[in-house]
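S.K.: Quick one: the structure is below, and I'll ask about it shortly.
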Amino acid sequence: MSLPKLARLPSARLLTSVLPHHQLLLPPLSPLTIPCRTKIQRDYRRPGQPIENKYPLNFNFSKGIEGIKKHFTLMKDEFFGRWVGPEGKPLIEHILEQNLVIWEFRGPESLEQWTVSSDQEIGGQSEAHLKMGRNDNTCFLHGKLSSTIPRDGETRYSGYCNMRSKTPKASFDRKKHYDWSSFNTLHLRVRGDGRPWMINIATETYFSHQKDDIYNYFLYTRGGPYWQEVKIPFSKFFLSHRGRIQDSQHPIWLDKVNTIGFTLGDKADGHFQLEVDFVAVSKDYAHTEEFAYEMYERNPKRERIE
């Protein structure tokens, strides 16, 4: 067969024409199967528990009208609040503000901003309950901690209780963030039973695999009938991912704070209680530390020695 005819043949016919007496052993190319990110970063599901099929909710016309009125009212407040200043406050007041109470518990409606969870989600036996304190002026978190491991064959650790604030929402269920960039200290007024707690602050992330990144620091309660005021600089909070402290640390992003929480997991089985009066942020001019932990430089450049 001449060269011009070979050039006009397709690739497969070209090989069979050149090698007529040999069978082509071309392995079939199977499509590449890459695991989807949603399967990798999905929420925790207890081993042996069936996958829940979420069906669309039934639409209620009356509730839909109430929701539209609610969201348009929120949008109106947001629009006119921006003309007044940041977060609806005058600019001079926002600049000179040194203390800001974020959460205070002065009625049963204030508990709607918080949610409580425990290791019962993974088959544990711990219990946590949230209610108002005496005179409806405080938040009272109580329950029972149990480190009994579920008998599912896969869970190895158990025994925690958690209280976390809900993510704030703007009009039409848009995610809203707390801006604490003007402050440098977390101010709490609590009364505990002597147990150590963990304070968790979650911020907005850029990538989906960072959704479990949380900034933590310790809260040591004294116990007894007396209140204690705790001030923790934000520079002391360290980064962790799913309970593991990360080698690469960086300061907390105070301009996009989503939630704050309190976690108990000291492996001491028994009853516990924590009473919270308020959660606030403040500006401490005596504190000048930017970050308390060492930050490693990625791919450092070597200095040339002449």
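S.K.: For each pair in LYS69/LYS231; LYS236/LYS267; LYS166/LYS231; LYS69/LYS89, compute the distance between the two Cα atoms and list the pairs where it is over 31 Å.
M.R.: Those over the limit are LYS69/LYS231.
S.K.: I would also like to ask the following. Among the aspartates and glutamates, which have Cα under 18 Å from the Cα of LYS63 when same-chain residues fewer than 8 positions away are ignored?
M.R.: Once the sequence-local aspartates and glutamates are set aside, what remains near LYS63 is ASP173.
S.K.: Relative contact order (percent) for region 172-306, with alpha-carbon contacts under 8 angstrom and 6 or more residues of separation?
M.R.: 37
S.K.: Continuing with this model, one more query. Where a ≥ b ≥ c are the square roots of the eigenvalues of the C-alpha gyration tensor, would you call region 245-306 rounded, which needs a/c under 1.5, or, failing that, prolate if a/b is larger than b/c, or oblate?
M.R.: Because a/c hits 1.5 or more and a/b exceeds b/c, region 245-306 counts as prolate.
S.K.: On to the next question. What's the carbon and sulfur percent of region 80-148's accessible surface, probe 1.4 angstrom, rounded to a whole number?
M.R.: Carbon with sulfur: 49 percent of the solvent-accessible area.
S.K.: A further question on this structure: With a cap of 14 neighbouring Cβ atoms within 10 Å, and only residues DSSP puts in a loop, list the chymotrypsin sites (Phe, Trp or Tyr not before Pro) found in region 198-235.
M.R.: TYR206, PHE207, TYR226, TRP227
S.K.: Quick check: the distance between the Cα centres of region 195-228 and region 91-130, to the nearest angstrom?
M.R.: 12
S.K.: Can you figure out the FRET efficiency of TYR285 with LYS131, using R₀ = 30 Å and their beta-carbon distance, to the nearest 0.05?
M.R.: 0.20
S.K.: With contacts defined as alpha carbon pairs under 8 Å and 6 or more residues apart, what's the relative contact order of region 105-193 in percent?
M.R.: Relative CO of region 105-193 lands at 26 percent.
The values are calculated or read from the model by the stated rules, or taken from the named source; none is laboratory data. Only a predicted model underlies this, so the values are computations on that prediction, with no experimental measurement involved. Every residue, glycine as well, gets a Cβ built from its backbone with ideal geometry; the counts of neighbours run over all protein chains shown. Only protein heavy atoms, including side chains, enter the accessible area calculation; ligands, DNA and RNA are left aside. Shrake-Rupley method; radii C 1.70, N 1.55, O 1.52, S 1.80 Å.
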